[in-house]
Amino acid sequence: IVKNWMIVLFLYLFFLVAYLTIFHILFVLFVWTYWKSIFTLPVQPDKKFHMSYADKERYENEERPEVQRQILAEIARKLPVYTRTGNGGIRFCDRCQLIKPDRCHHCSVCAMVNNCIGFSNYKFFLLFLAYSLLYCLYIAATVFKYFIKYWTGELTNGRSKFHVLFLLFVAVMFFVSLMFLFGYHCWLVSRNRSTLEAFSAPVFQNGPDKNGFNLGFVKNLQQVFGEEKKLWLLPVDSSGFSFFRTTCCFHSVSLCLFPRSQGDGHFFPMRALCEAQNPLLANEEQWEDDGIDEEPHGKAIQKEISCVLMHRD
């Protein structure tokens, strides 16, 4: 009898410790991601996107819209800017007096975190949704047993009945609402689109393209969660500091080096630069992503230079 009692006590303590450990891990990650989503400030446009005093004066003194567009186009030639307005002009912010970087907008504050959700804190926001979802699911699953007892009349304490019903109702309600919101953002990440781009496709020099920033599922994830996969599930910077060759180097043929190969908040790799010009390159890059074709290093550089030349034309 004593031996059986010891086994029961051991199992009880084991499940109690396991329950409390999982609960507090989810709770800490929930609070941590929420904190990072709130207090991580949005990325501000770099100084190079601001107009100089001479350019600003020239732009403001000009009354003809077509000439203003030419002035903005001249300034934008020195910048990695490839998206356009609906009429094909350079995206310019009259409030901030700067040329907008690609995918840059004045955003409204998200009521859930009282902060703008952008490139700098989108990973934290997604993790916050994920851990909130798991937290609600865990609470609902552990309370459901007592709800069954309440339903069958085994719970006689009136206060316990209220607590069980309230906790289960709130957990299930938030779980369902967060599930749809998290699923929608997972779809956006898989397509590499912002909420604005989901409703209105970004416009490039060749016209609108809803998949203009879509680099493939894996690279889309890396652009949000970084290249250090072991840190993807933690609300810390996981961008690493890798370099890559790019064809988007101020309209020149030179091969440049950029930190964070999947974007840095001001520059984003684009599928449209090469693929919109030559669909054969799109198929070739698709084969590379699937691991079917591995081209030599020299051929890759040659293709990069040809893409830039096509883009300049």
>> For the stretch 96-137, which positions are part of a loop (DSSP other than H, G, I, E, B) and either without any contact (Cβ under 8 Å) to a residue 12 or more places away in the chain or closer than 22 Å to Ser177 by Cα (or both)?
In response: Ser108, Val109, Ala111, Met112, Val113, Asn114, Cys116, Ile117, Gly118, Asn121
>> Just to check your reading of the model, which residue among Tyr82, Tyr131 is closer than 30 Å to Phe174 by Cβ, of a type in the set (Ser, Thr, Tyr) and in contact with a helix residue (DSSP H, G or I) (Cβ under 8 Å, 6 or more places away or on another chain)?
In response: Tyr131
>> Show the residue pairs meeting these rules: Cβ distance below 6 Å; 6+ apart or different chains; first residue within the stretch 65-91 and within 17 Å of Phe213 (Cβ to Cβ) and of a type in the set (D, E, K, R); second residue modelled with pLDDT of 90 or more and buried (at least 17 other Cβ atoms within 10 Å of the Cβ).
In response: Arg84/Val203; Arg91/Lys100
> If you take the residues in the stretch 83-95 that are at pLDDT 90 or above and in a loop (DSSP other than H, G, I, E, B), which one is surrounded by the fewest Cβ atoms within 10 Å (Cβ to Cβ)?
Replying inline: Thr85
> So Leu165 fits all but one of (1) closer than 30 Å to Glu74 by Cβ; (2) surrounded by fewer than 19 Cβ atoms within 10 Å (Cβ to Cβ); (3) modelled with pLDDT under 90; what number is the exception?
Replying inline: (1)
>> When the residues of the stretch 171-205 are narrowed to those that are over 20 Å from the mean Cα position of the chain (by Cα) and open to solvent by less than 40 Å² (accessible area, probe 1.4 Å), which ends up nearest to Gly118 (Cα to Cα)?
In response: Phe204
>> Exactly one of these conditions fails for Thr156: (1) assigned to a helix (DSSP H, G or I); (2) without any contact (Cβ under 8 Å) to a residue 60 or more places away in the chain; (3) more than 30 Å from Ile90 (Cα to Cα). Give me its number.
In response: (1)
>> For the stretch 218-239, check the following and say yes or no: at least one residue is open to solvent by 30 Å² or more (accessible area, probe 1.4 Å), over 20 Å from Asn121 (Cα atoms) and outside any loop (DSSP other than H, G, I, E, B).
In response: no
>> Just the residues that are aliphatic (A, V, I, L, M) and surrounded by fewer than 18 Cβ atoms within 10 Å (Cβ to Cβ), please, taken from the stretch 118-154.
In response: Leu134, Leu137, Ala141, Ile148
> Of the residues that sit in the stretch 221-241 and are farther than 19 Å from Val31 by Cα and without any contact (Cβ under 8 Å) to a residue 40 or more places away in the chain, which one is nearest to the chain's Cα centre (by Cα)?
Replying inline: Leu221
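The values are calculated or read from the model by the stated rules, or taken from the named source; none is laboratory data. These figures come from a predicted structure and were not determined experimentally. Every residue, glycine among them, receives a Cβ derived from its backbone with ideal geometry; neighbour counts consider all protein chains shown. Note: accessible area is taken over every heavy atom of the protein model, side chains too, but ligands, DNA and RNA are not part of it. Shrake-Rupley method; radii C 1.70, N 1.55, O 1.52, S 1.80 Å.
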